[in-house]
Amino acid sequence: MGTPQSLNGSVNFLLAASIISILSILYLELAPRFAGRLGHPYAYLGVEGMNTVFYFAGFIALAVYVGNLTFCTGRICSAARADAVIAAGAFCAWIASTILTAKQMIVGGAVERRKAIEMREV
């Protein structure tokens, strides 16, 4: 037995977020190694922030949809609940990565500026 309703676009949105996430990981890993000019710290931060927003919107939309179903049993509903939990975990991973990247840009940028000033003074 399952729900008489079909899944809405939130599942498709999470699928698209996963595909974008794979492409983003390829960019974040390969751009600095093979094409240094294509990679910029603000671009990395933007890509990670974009993935954070996609997963946040996706897991909230799926959780709200599954929570509002009046009759939801069976494998499809269990899979939808598990997908919402996994997407929430992916959101936590992306937001942690985004925060660490932003911290690296702020602290690392300040350290680099101090080193440049010290080198000019010498």
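The values are calculated or read from the model by the stated rules, or taken from the named source; none is laboratory data. Since the model is a prediction, treat every value here as computed from it, not as a measurement. Note: ideal-geometry Cβ built from the backbone for every residue, glycine included; neighbour counts use all protein chains shown. Ligands, DNA and RNA are stripped out before the accessible areas are found, and what is left, the full protein with its side chains, is counted by its heavy atoms. Shrake-Rupley method; radii C 1.70, N 1.55, O 1.52, S 1.80 Å.
Answer yes or no as to whether Thr70 is among the polar types (S, T, N, Q) and touching a Leu at 6+ places or on another chain (Cβ under 6 Å). The answer is no for Thr70. When the range 50-80 is filtered for residues that are in contact (Cβ under 8 Å) with a residue 24 or more places away in the chain, open to solvent by 20 Å² or more (accessible area, probe 1.4 Å), over 15 Å from Val11 (Cβ atoms) and within 11 Å of the chain's Cα centre (by Cα), the ones remaining, listed by number, are Met50, Phe56. Taken over the range 83-122, residues that are modelled with pLDDT of 85 or more and either surrounded by 11 or more Cβ atoms within 10 Å (Cβ to Cβ) or touching a strand residue (DSSP E or B) at 6+ places or on another chain (Cβ under 9 Å) (or both) amount to 22.
When Leu30, Leu23 are checked against the criterion of being at pLDDT 95 or above and open to solvent by 70 Å² or more (accessible area, probe 1.4 Å), a single residue qualifies: Leu23. Each residue in the range 12-46 was checked for being assigned to a helix (DSSP H, G or I), over 16 Å from the mean Cα position of the chain (by Cα) and hydrophobic (A, V, I, L, M, F, W, C), and 4 of them qualify.
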